[in-house]
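All remarks here apply to the structure that follows.
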Amino acid sequence: MDEAFEKRLPKPEDLNAMTEECLKAAFAGESQAAEKYMVFAEQAAEEGFPNIAKLFRAVSFAETRHARNHLRVMKGVNSTADNLAAAFGGESFEIDEMYPAYGEIAKVQNNTQASRSIRYAVKAEMDHKWMYSEARDKALNGQDIDTKPVSVCLICGHTVIGDVPDKCPVCAAAKEYYKTF
Amino acid sequence: MADPYKNTPPAPEDKGAMTAENLAAALAGESQASQKYLAFADVADAEGYPNVARLFRAVAYAESTHARNHLSVLGGIGTTAENLKAAWGGETFEIDEMYPAYDAVAKLQENKSAQTSISYALKAEMDHQGIYDSTLKGVEGQKDLDETPVYVCPICGHTVVGGKAPAYCTQCGTTAEFFKEF
C-alpha cells in the first residue's frame, strides 16, 4: 500500500461505544456479503452465466473494501506481529470453545451435515493455529516465514505448508482439489 | 466408476433451531476471519513479509471454504435468480435501514472516520442494488449480463458496469489508475 493510497482510507479513531457496536455489526454484514457473493459467483458460472459470475466477484471485492474500512476505523488492523497474535487468538477460541460447543449440539440434534461442516472447520483451524504461532515468533524477530507453497483443500479448508498429500487427510478429497498459494 | 477421492461440500439438511443458529454464527465468524486475514495480508506485504502475506491469503481462502460449507448446510445457496434476489434484499436492507441508522449514531457521537466508512459503504450499496435489479431481470429471461468490464474503487467500493474506468471516483475522489477491473 503506498502512502497516497493509505491517506485516502478512513482512519483509525477513538470510537464511542455505540458507534463501535454499529461498525462491528457492519463489519460482520460486509464480511458475510463478500463471502456469499463469491459462492453465488461459482453458482452463476455453473449455470452458464459467466458475466454474472464476474459481477458477483466484483461486488464481493467492493464489500471487502467496506469490511477493511470498518475494521481500520475500529483499530483492528495493526502491525503484522500484532495481527498474527489476533489471528492466533481467534483460531484458539474457535478450537477450544466455539466449534466443540456447536459440534455437541449438532450431534444431540442428529444434524449430520452440520456436524460435517463443523468438523471440517475445526480441523483446519488447528492447522492455522500453529502456522500463525510459528509465523508470529519469526515476525517478532523481524523475519518472514520461508517460501514453501501453502495449499488449501477446497472442500474442507485443510491447510498444508509444503508438499500436497495424495488425498486430504480430513475429507479424503483428491490432490487436484487443493489450491496452492 | 466413482472417484473414491472425490468429495463434495456438506449438503443442505433439516436442522434443529439451535444448530441453525450456531451455523449462522459460525458463518459470521468465518466470514469475518477471512476478511481480517485479507486486510492483514496487505499489511504484511507493506511491512516486507511477502510469505506471511501469502499465508494470510491462503488461510483466508480456507475460511471461505468453511463459510461456503456452513452456508450450504443452511440452504443459503440457490439458483442464480434466487441468489440475485437474496443479494438485492441484503443491499436493500443496508440502504434503507442499517447504514442510515448507524450513520445517525456516528453523527450524534461525532465519530468522523466512522461516518466516512459508513457513507462510502452506503453509496456503493446503492450501485449494487441497481445492478442486481437489472441483472435479475435479464436472468429471468435466461440472459447473462453483457460482456462488459466491471470497475471497483479499492478505497470506497464504488462499482461501475461498462465503459471505461471513471477518471476519478465520484464517491471518494480516487483516480482512475486505482480502480480494479473485473
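Report whether or not B:R68 is at the interface with chain A (Cβ under 7 Å from one of its Cβ atoms), touching a Phe, Trp or Tyr at 6+ places or on another chain (Cβ under 8 Å), basic (K, R) and open to solvent by less than 60 Å² (accessible area, probe 1.4 Å).
So B:R68 fails the test.
Take the residues in the range B:14-31 that are in contact with a helix residue (DSSP H, G or I) (Cβ under 7 Å, 6 or more places away or on another chain) and open to solvent by 40 Å² or more (accessible area, probe 1.4 Å); name whichever of them is nearest to A:A135 (Cα to Cα).
Of everything passing the filter in the range B:14-31, B:M18 is nearest to A:A135 (Cα to Cα).
Of everything in the range B:104-120, what is of a type outside the set (S, T, N, Q) and buried (at least 22 other Cβ atoms within 10 Å of the Cβ)? Give them in sequence order.
Matches in the range B:104-120: B:A106, B:A114, B:I118, B:Y120.
Just give me the residues in the range A:99-118 being of a type in the set (A, V, I, L, M, F, W, C), open to solvent by 20 Å² or more (accessible area, probe 1.4 Å) and under 17 Å from A:G157 (Cβ atoms), in sequence order.
Hits for the range A:99-118: nothing passes.
Assess whether B:K123 counts as being more than 7 Å from chain A (Cβ to nearest Cβ) and buried (at least 16 other Cβ atoms within 10 Å of the Cβ).
Yes: the conditions hold for B:K123.
Which one of A:E6, A:E42 is out of contact with any strand residue (DSSP E or B) (no Cβ under 8 Å at 6 or more places or on another chain), within 19 Å of B:A44 (Cα to Cα) and more than 7 Å from chain B (Cβ to nearest Cβ)?
A:E6
Collect the residues in the range B:40-58 that are at the interface with chain A (Cβ under 7 Å from one of its Cβ atoms) and open to solvent by less than 10 Å² (accessible area, probe 1.4 Å), keeping them in residue-number order.
Residues satisfying the conditions are B:F40, B:A44, B:V52, B:L55, B:A58.
Answer with yes or no whether A:T159 is closer than 28 Å to B:L23 by Cβ and of a type outside the set (A, V, I, L, M, F, W, C).
yes
Only residues that are open to solvent by less than 40 Å² (accessible area, probe 1.4 Å) and either among the β-branched types (V, I, T) or assigned to a loop (DSSP other than H, G, I, E, B) (or both): list them for the range A:43-76, please.
Passing the criteria: A:F49, A:I52, A:V59, A:T64, A:V73, A:M74, A:G76.
Going by what's in this entry, would B:Y61 be described as of a type in the set (F, W, Y), open to solvent by 40 Å² or more (accessible area, probe 1.4 Å) and within 7 Å of chain A (Cβ to nearest Cβ)?
Taking the combined requirement at face value, the residue satisfies it.
Scanning the range A:58-96 for residues that are β-branched (V, I, T) and facing another protein chain (nearest Cβ under 7 Å), which turns out nearest to the chain's Cα centre (by Cα)?
Filtering the range A:58-96 for residues that are β-branched (V, I, T) and facing another protein chain (nearest Cβ under 7 Å), the one nearest to the chain's Cα centre (by Cα) comes out as A:T64.
When you scan the range A:16-28, how many residues do you find that are under 18 Å from B:A121 (Cα atoms) and either within 7 Å of another protein chain (Cβ to nearest Cβ) or in contact with a helix residue (DSSP H, G or I) (Cβ under 6 Å, 6 or more places away or on another chain) (or both)?
Here the count works out to 6.
Out of (1) under 19 Å from A:E13 (Cβ atoms); (2) open to solvent by 20 Å² or more (accessible area, probe 1.4 Å), the odd one out for B:D96 is which?
(1)
Please determine whether any residue of the range A:119-142 is open to solvent by 40 Å² or more (accessible area, probe 1.4 Å), over 18 Å from B:F56 (Cβ atoms), modelled with pLDDT of 95 or more and at the interface with chain B (Cβ under 8 Å from one of its Cβ atoms).
No, the range A:119-142 has no match at all.
If you scan the range A:143-181, which residues turn out to be facing chain B (nearest Cβ under 7 Å), under 16 Å from B:F56 (Cβ atoms) and open to solvent by 50 Å² or more (accessible area, probe 1.4 Å)?
Within the range A:143-181, A:D146, A:T147, A:K179, A:F181 meet the criteria.
The values are calculated or read from the model by the stated rules, or taken from the named source; none is laboratory data. Given the structure is predicted, the values throughout are model-derived calculations rather than measurements. Reconstructed Cβ throughout: ideal geometry from the backbone, glycine too, with neighbour counts over all protein chains shown. The protein model used for the area step is the full one, side chains on, heavy atoms only, and it has no ligands, DNA or RNA in it. Shrake-Rupley method; radii C 1.70, N 1.55, O 1.52, S 1.80 Å.
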